[in-house]
Amino acid sequence: MSTTLRVGIDVGGTNTDAVVLDDDDRVVAAAKRPTSPDVTEGLRAALDAVLAALPEPGMEKRVKRVMLGTTHATNAILERRALGRVAVLRLGAPATTSVPPLSEWPDDLRDTVAAGAAIVRGGYFVDGSEIAPLDEDAVRKFAATTPADAIAVTGVFSPAGADQENRVAEIIRAEIGDVPVSLSHEIGSLGLLERENATVLNAALYGVARDVTAALHEALRSRGLEVETYFAQNDGTLMAVDYAARYPVLTIGSGPANSLRGAAYLSGVTDAIVADVGGTSTDLGVLVGGFPRESAAAVEIGGVTTNFRMPDILSIALGGGTIVGAEPRSVGYRIGTEALVFGGSTPTMTDAAVAAGRGTVGTRPVPEEWRERLARAVRAADEAVADAVDRVALGRADRPLVAVGGGAFLLADRVPGAREVIRPAHAEVANAVGAAIALASGRLETIVPASGAGNPRARLIDKAKEEAAARAVAAGADPATVQIVELSEIPLSYLPEPAVRLHVKAAGPLARQAG
Amino acid sequence: MVKAPRMQARITLEDVAALARGCAVLGTGGGGDVRPGAIAARRAIREYGDVPLVTLNELPGDALVLPLSGIGAPTVSNEMVHGADEAVRIAEEIERIFGRPPAAVMSSEIGGGNGVAPVAWAARLGLPLLDADAMGRAFPEVQMVSMYVAGIPANLVVMTDVVGNVVTIRPIDGLWSERVARAVCVAAGSSALMADYVLTARECAGAVIEGTVSRAIAVGRATEGAADPLAALTAELGAVRLITGKLADLERRTTGGFARGTATIEGTGDDRGRTLTLEIQNENLVAVEDGRVRAMVPDLITVVDTQTATAIQTEGLRYGQRVTVLAWPCDPLWRTPKGLETAGPRAFGYDMDYLPVEEIASSSGPTSGEAA
């Protein structure tokens, strides 16, 4: 047996899940452990548990890759912990000065993160000409007089023209050496303030990324594992660890994306509604062509608005621990002692599902006197699920619903608005599977002419595709199989020449390892 | 809830969010994103203090009112954010021309971002904001303003761009004003700050739409903490609920610089089986059901999220959203012959006679939603 194995780990709000997959993407072992407050401890426990669950001794030696979807970055921002101090540089004066960097940040987060901020002359107009030539002296002076752990650089219209940002990175390298620099055109899309926010958060997270990587590598080394490591990002794809070290902010929100991708893989369907039923809530999302449908709404992280593309998720208060009659409260991880079927005294949705014959969880039958109330709760939950499915399904009732997560048995076998309900094997660890099977990706957003007129438009679109593919390869994708998986255009209004905002995403399987 | 009108004497940091929400509702799908203006307004209030909100009769007759608006592509102004001193350059040019400084800032367009951003410009200039605007909503073209309808000559436009150019235009009429200003805007990178129709307070009487800033704040406040935000908003606006449903189809096309499109909303719940189509040219202009027009420009038509009653702009419309379409009467000024000629359905290429939304609603029976 020479096949290699890989481990997928997903850190969730309640549980940290881990799976081991073989070369044919078959699940060889799975484990679930409570998520610890520091995240890392739960991660180690889940890793130990899943390795212990391998069917043959010594199999762990065949693990060659570990994919991790984690909440370290999110927690660091929410708790304002372990964040680096960032020198924030904007290229755009005399434009943009009405709103200086970090204007809308919560005071405590700004105090934690900001080492200083400046708006220097530079940036581009929408047509690619310079608002002002880059003020290189001002850049040097700012870099030299603003000691910081990292520097975030955001230029006006840099997604359409990155030269000035790249030049700033060169100047900083020449001026003060090896301080990490976040360039906004590599992080986000159009919308200066939101992209700048994301870029500053990214720069603030370098230390966190280093710590997580070190902790993960240490955990792997101490278990005798010599592996390549990857991090899951928020669109359901992977980044090689050295790439993730440069773009840690992209790991935020990877959980729902992992669960959607895992559901796609386990069920074998690429277009479906996915319901991930956990302990306190059910997250519904939509798979389109095997990838999560993305939300158009601005995403707020720790009080800061960003323009990340996150999966479009609808959450309803329905989980295995949800207390009947006291929704949306949940008994959470105490389900094993408090639910009626475990001899406790709290009626939960788990009890309701067992009473309705949907599962055989627990150690004792549901007491007779509860049955009517629980039956009502099941009917109400079914209606809530049907309504939520309808809301995310956009009026299409021809797709299946894939039920995953530890509480998937709560869902009925028939759900209005879904063609059928699919319950794949290993559904309870779909998120960890999603992390393990993910592709590597790259994305790009820019502005191109809206219509025909031949070459400029076609050339720009080709260039955008190439750049997205190059970014996917940099993230770890195999150059031979990387392909464009998404290409969308949104018309822009009030421009002299009709133009569109072009969004391109490329993805591909991870490149084969040497050896 | 007490519905007594709240006397709004100044705009504070806390008012900006409500103003922004209200301006989004009055934007009828256009007018640009309110968020950048709200960010700039909060920033300017923090730096320069609250902005007094004054009524026309609080200003001396010869006081100069400075109508300010951003002009250009929203995608551009969200990326190439305004400079801090643009309003100052325009005020200086006005003083150079008139021999006296402006006494108050006015929003040219209360709907969308241009309803909120003037708070920032007024704060920066240390001037009060006039509780009025020139549209009572959002419109796409420069001549679609109350001053034009009132017959005031459009003889002065002052524009400035992000790098500091100042352009003063003496157009021969409102249509040329639009044409030249648009060309300047393009040269300026598709985003500029503009003052047009600089008026004395005396000239403003009857030529501006009064009370719209405090109305926007009231509209924004109506949904705050409301158990049923949609009902609260509908009542505050005195709106007709055209349909509650989901966005079932969205066709977009960009022609002549305008984002045009058709949105189809299929009814849900009580409205199941009904279908409403919205004709869009930056703003929501005409609502049609079963071949019958249910509301049309210049009356206001806004798409809101059914649960939160938050306005959804044209560019934010997405297939599958749960929405309610509200329509309510425009300012009487737009219903005059000159008003309809300027911004009625035919001004946007729809060959139809204008019918007020409340008349359509009352003649179409009880099934078409309640007029509040």
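Observations on the structure shown:
- Point-charge dipole on Cβ atoms (K/R +1, D/E -1) for chain B, about Cα centre, debye to 20: 340
- Residue mean of other protein chain beta carbons inside 10 Å, B:314-323: 3
- Virtual spin-label span in nm between residue B:322 and residue A:396, 7 Å along Cα→Cβ: 2.1
- Averaged over the residues of A:95-106, the number of partner chain Cβ atoms lying within 10 Å of the residue Cβ comes to 6.
- Farthest toward positive dipole pole in chain B [+1 Lys/Arg, -1 Asp/Glu at C-beta], among B:180, B:20, B:300: B:20
- In terms of Cα atoms, the Rg and Dmax of chain B work out to 19.6, 63 Å.
- Förster-model FRET efficiency, 22 Å R0, residue A:163 and residue B:187, C-beta, rounded to 0.05: 0.45
- Simple label model, 7 Å out from Cα along Cβ direction - residue A:372 to residue A:337, nm: 3.3
- Measuring spread by the Cα atoms of segment B:56-147 yields a radius of gyration and Dmax of 13.2, 39 Å.
- Over segment A:262-407 - Rg/Rh using Cα atoms and the Kirkwood inverse-distance radius: 1.03
- Using a 1.4 Å probe over protein heavy atoms, the accessible area lost on pairing B with A, summed over both chains, comes to approximately 3500 Å².
- Ranked from largest to smallest solvent-accessible area, with a 1.4 Å probe on the protein heavy atoms, A:136, B:341, A:218 come out as B:341, A:218, A:136.
- Accessible surface, 1.4 Å probe, highest first, among residues A:465, A:61: A:61, A:465
- Among residues other than residue A:277 with Cβ under 10 Å from its Cβ, the summed charge is -3 (Lys and Arg +1, Asp and Glu -1).
- Across B:124, B:179, B:96, mean-square fluctuation computed from a Gaussian network of chain B (C-alpha pairs under 10 Å connected) peaks at B:96.
- Counts of other chain beta carbons within 10 angstrom of each beta carbon in peptide B:82-89 average 4.
- Point-to-point label distance, residue B:176-residue A:459, nm (Cα→Cβ direction, 7 Å offset): 4.0
- At the residue level, residue A:24 shows approximately 100 square angstrom of accessible surface with a 1.4 angstrom probe and all protein chains present.
- Placing a label point 7 Å from the Cα of residue B:155 along the Cα-to-Cβ direction, the residues of segment B:94-136 with a backbone N closer than 15 Å are B:97-99.
- For residue A:489, the solvent-accessible surface with a 1.4 Å probe is about 70 Å², rounded to the nearest 10.
- Set of lysines near residue A:465 by C-alpha distance (under 24 Å), chain-local residues within fewer than 8 positions excluded: A:505
- Here, segment B:217-372 has an Rg and a Dmax of 14.9, 43 Å when only alpha carbons are counted.
- Cα-based reach from residue A:61 at 23 Å (exclusive), listing lysines while leaving out same-chain residues under 8 positions away: A:32
- Segment A:122-193 versus segment B:275-318: alpha-carbon centroid distance in Å: 41
- Against the main long axis of the alpha-carbon atoms of chain B, helix B:86-98 sits at an angle near 60°.
- Along each principal axis, taking the top coordinate minus the bottom one, the Cα set of the protein assembly as shown gives 91, 72, 51 Å in descending order.
- Taking all protein chains as they are arranged and a probe of 1.4 Å, the heavy atoms of residue A:217 leave approximately 60 Å² accessible to solvent.
- Within the protein assembly as shown: Cβ-based charge dipole about Cα centre, in debye rounded to nearest 20 (Lys, Arg +1; Asp, Glu -1): 980
- Stokes-Einstein translational diffusion, segment A:84-204 - Kirkwood Rh over all Cα pairs, 1.306 mPa s, 10 °C, in µm²/s: 115
The values are calculated or read from the model by the stated rules, or taken from the named source; none is laboratory data. Please read all numbers here as calculations on a predicted model, not as lab measurements. Because the Cβ atoms are built from the backbone with ideal geometry, glycine has one as well, and the counts that use them run over all protein chains shown. When the accessible area is computed, the model is the full protein with side chains, heavy atoms only, and any ligands, DNA or RNA have been set aside. Shrake-Rupley method; radii C 1.70, N 1.55, O 1.52, S 1.80 Å.
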